[in-house]
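Only one structure is covered here, and it is reproduced in the block below.
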Amino acid sequence: MMRCRRSDSDRAAGTWRCEVCGSRAIARRVWLDSNTNRLRSDAEERSDLWCDDCQEHTRQIRECDLLRRSVEPWWSYDTTIEDRQVVTGLIPEGFSSEDGARAFLDACAAVWNGKSGAEKIEIWRYLTRPEE
């Protein structure tokens, strides 16, 4: 199982996002002691978490977990040939059809794997939430 990493090359791994839409425009309610300015408790309930893009209370998830749980499975199992054309700019007709489009799919995978996590999330958001 892929785990979130936090290194210089993967700083975004710890970025929080909305679990529903992948937005970074999220907030959490916290209580601050008025006398000491110390945090008294952290938001844990969904009612204490908000997504500006969804305009509702949602869960929050680390970017790397969103990629692992939602974005990568979408790419692997739920994209159409047309989706892959939009994402990569490649067209199936430019590849050999002898192998059942394997060359096209491999080329699409190479383009996809060359994208950053943030790029993948934005593509996923664009193609799965077109009304926004």
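The values are calculated or read from the model by the stated rules, or taken from the named source; none is laboratory data. Because the structure is predicted, anything quoted here is derived from the model rather than measured. Glycine gets a Cβ as well: all are built from the backbone with ideal geometry, and neighbour counts include every protein chain shown. Surface accessibility is based on the protein's heavy atoms, side chains included, excluding ligands, DNA and RNA. Shrake-Rupley method; radii C 1.70, N 1.55, O 1.52, S 1.80 Å.
Please turn the phi angles of the stretch 62-70 into ³J(HN,Hα) values with the Karplus equation 6.51 cos²θ - 1.76 cosθ + 1.60 (θ = phi - 60°), one per residue in order, whole Hz, x for glycine and proline.
5, 4, 5, 6, 4, 4, 5, 8, 10
Excluding T79 itself, calculate the net charge of residues whose Cβ lies under 13 Å from the Cβ of T79, where each Lys or Arg counts +1 and each Asp or Glu counts -1. Display every interim value, and only then the final one.
On the way: positive: R84, K120; negative: E72, D78, E82, D83.
Value of the local net charge: -2.
Please say if the stretch 28-132 is rounded, prolate or oblate, where rounded means a/c under 1.5 for a ≥ b ≥ c the square roots of the C-alpha gyration tensor eigenvalues, and otherwise the choice is prolate for a/b larger than b/c and oblate otherwise? Intermediate values should be presented prior to the final figure.
Details: a/c = 4.08, a/b = 3.20, b/c = 1.28.
Since a/c reaches 1.5 and a/b is larger than b/c, the shape of the stretch 28-132 is classed as prolate.
Quick one: if you stick a label point 7 Å off each Cα along the C-beta vector at A107 and A25, how many nm between them?
Rounded to a tenth, the inter-label distance reads 3.7 nm.
For the stretch 60-107, what does the alpha-carbon gyration tensor say about shape, rounded, prolate or oblate, given a ≥ b ≥ c as the root eigenvalues, a/c under 1.5 as rounded, and a/b over b/c as prolate?
On the way: a/c = 3.48, a/b = 2.64, b/c = 1.32.
It is prolate, given that a/c is not under 1.5 and a/b is the larger ratio.
Give me the percent of accessible area attributable to carbon and sulfur for the stretch 30-132, probe 1.4 angstrom. Let's see the in-between values first.
Numbers: 3090 of 6720 Å².
The nonpolar share, carbon plus sulfur, comes to 46 percent.
Which of the GluC sites (Glu not before Pro) across the stretch 31-92 are loop residues per DSSP, with 10 or fewer other Cβ within 10 Å? It would help to have the intermediate numbers written out before the result.
Details: sites: E44, E45, E56, E63, E82; in loops: E44, E45.
In loop regions of the stretch 31-92 (DSSP not H, G, I, E or B), the sparsely surrounded GluC sites (Glu not before Pro) are E44, E45.
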